[in-house]
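Here the structure is laid out as structure tokens; the discussion comes afterwards.
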Amino acid sequence: DKSQIWSSAFEPTYICEIKQKEGNTIMLRNKDFRLVMTLCILVFSKAFVPPNGRSLTFGKSRILLSTTDDDIFTVQILMSDTGGGHRASANAIRDALDVLHPGKFECDIVDIYTEYGPFFPINSYPAMYKIMAKYSFLWEYFYNFGETDFGLWLNEFLLDAFCFEPFKECLNRPSGSTNKRADVVVSVHPLCQDTPLKILANLDSDGKTRDLGARETPFVTVVTDLGGAHMTWFNKNVDKCFVPSDVLNEKAVSRGLKEDQIIQYGLPIRKGFWSNVESTSESSSKRSGLFGILNRKSEEAVSQLTEKENVRQHLGLETDLATVLVVGGGDGMGGIVDIAEALATALGKSSGVVSYQMVVVCGSNEEAKQSLSGKVYGAGVKVSIEGYVNNMDEWMNAADALVTKAGPGTIAEASICGLPCMLFAYLPGQEEGNVPYVEANGFGKYSSDPSVIAETVSSWLASPEKMESMQQAAQNASRPSATLDIAKDLAQIAFATRQD
């Protein structure tokens, strides 16, 4: 590709052209030493790759890499903030595309119901979700009704009648920094299939029809549930449907999807849980030259610690204590106060010497955080109370066991960290299937009784053999490369849109 480079460090301004061919071969028509050095840093130092692939500031020089819309591939990701998992999955896909193809992809993540819903309650789904999650019988009723033939028909009818035009505005909007709509549309929510597919057919036919046969824009579903999923996730007219488990693979088939439409990798998860990532932003400990020299002393200081101990030290935890992590989800739901108190009591009376530590992540539940922070715990356990955290990968890597609600993302992340899971709550419907998923894979149990939870987790920690067996089972169930695998396929789908 041909680019122009301007340097503001010189008078008069020098202009040169570069042509990048295979590999990193660069042809320059400017002998200015400082520009040459800047270009060398741009090409050979991964530390200075511009995040958007278009500009770079180095010292007093600003380099602009001119691009056109044809240089950028755009992906619109449709979701709704009904729980934290949908946006987390969308962000993970965006991050993976950026790691695999730096500067080549721009993702437009949109809560289509909140931003484009025409009126209440369509534009208030996240608030309604919180109410129904608190009173789970409401969720169960609407979930089950939505899977009936009449419920499926009614949902499609209402969305087509009231949301077609507002949602059309969303799918037709310029994506990223380009002046055109997205090259690929991805759904990470069960209610973002039927109507968007018809809208794309309408847009691709210049408004002539809603017939799905007229659609040309690629459409992909990435299912973000694990052990169970609502029927609305599965539309046989999508190009590809990514599923995380055998159970959902079978459900996709039952909904009419063909085998060549279904791809099974795992759940898209946050970047901190990926493995074997070939990133342009390698950890500084692996860099050579100046960056390696600067970090050598700190590496030597922690060389005697295991990876888990090093993470614990970083988080301010004791490095040599068996650690239990109690998580109430981003919304802090699930009665974690009673559970944490029962578990702390069981662990605290083990001996007069501190033998365990428990970390409780309350999420946005400030009431729970304040209540637990004011408690006095037994001498045998050290307790740390946290609110909302954005480094859950570190907390999980520091733990030996996890107590959590049965959210799909949390379970997938825990399995990557090799954590036995004690599940204490689930939403009826799609999360209910996560309980047998964990139990059948041998890395957890379920109970809503705080005393049973405390007794179970205490017995795990007291048995090194049991812990080792469950940790191995968790890792066997993990799919750490799923996010990158999904992103690789999405990239290929996008690349195909530019081929003759």
Item to check | Euclidean distance between Cα centres, the range 384-426 to the range 464-497, Å | outcome: 16
Item to check | Rounded to whole Hz, the Karplus (6.51, -1.76, 1.60) HN-Hα couplings of the range 166-181, x for glycine and proline | outcome: x, 5, 4, 4, 5, 5, 9, 6, x, 9, x, 8, 8, 9, 9, 6
Next on the checklist: What are the ³J(HN,Hα) couplings of the range 335-341, residue after residue, when phi is run through the Karplus curve with 6.51, -1.76, 1.60 and θ = phi - 60°? Round to Hz, x for glycine and proline.
Outcome noted: x, 6, 5, 5, 5, 5, 5
Checklist entry - Going down the table (104/251; 134/240; 104/271; 198/271; 130/488; 369/466), which pairs top 29 Å between alpha carbons? => result 104/251; 134/240; 198/271; 130/488; 369/466
Checklist entry - Once amide H atoms are placed 1.01 Å from N in the peptide plane, what residues at a sequence separation of 5 or more from residue 383, or on another chain, have their amide H within under 5 Å of its amide H? => result 358
Next on the checklist: Just the number please: accessible area per residue for the range 387-438, 1.4 Å probe, all protein chains included, in Å².
Outcome noted: 24
Next on the checklist: If I compute solvent accessible area with a 1.4 Å probe over the protein chains, what percent of it on the range 72-182 is carbon and sulfur?
Outcome noted: 59
Checklist entry - Which far-off residues, 5 or more places away or on another chain, put their amide H under 5 Å from the one on residue 186, with H placed in the peptide plane? => result 76, 77, 78, 220
Checklist outcome for this item: Amide H contacts under 5 Å for residue 242, restricted to residues at least 5 apart in sequence or on another chain and with H modeled in the peptide plane, are 221, 222, 223, 263
Next on the checklist: With θ taken as phi - 60° and the coefficients 6.51, -1.76 and 1.60, list the Karplus ³J(HN,Hα) couplings across the range 79-90 in order, rounded to whole Hz; mark glycine and proline as x.
Outcome noted: 7, 9, 7, 8, x, x, x, 5, 5, 4, 5, 4
Checklist entry - Taking 0.36 nm per residue of separation and subtracting the Cα-Cα distance, what length does fully extending residue 377 through residue 498 add? => result 37.3 nm
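The values are calculated or read from the model by the stated rules, or taken from the named source; none is laboratory data. Note that this is a predicted model, so its numbers are computed, not measured. Protein only, heavy atoms only, side chains kept; ligands, DNA and RNA dropped before computing areas. Shrake-Rupley method; radii C 1.70, N 1.55, O 1.52, S 1.80 Å.
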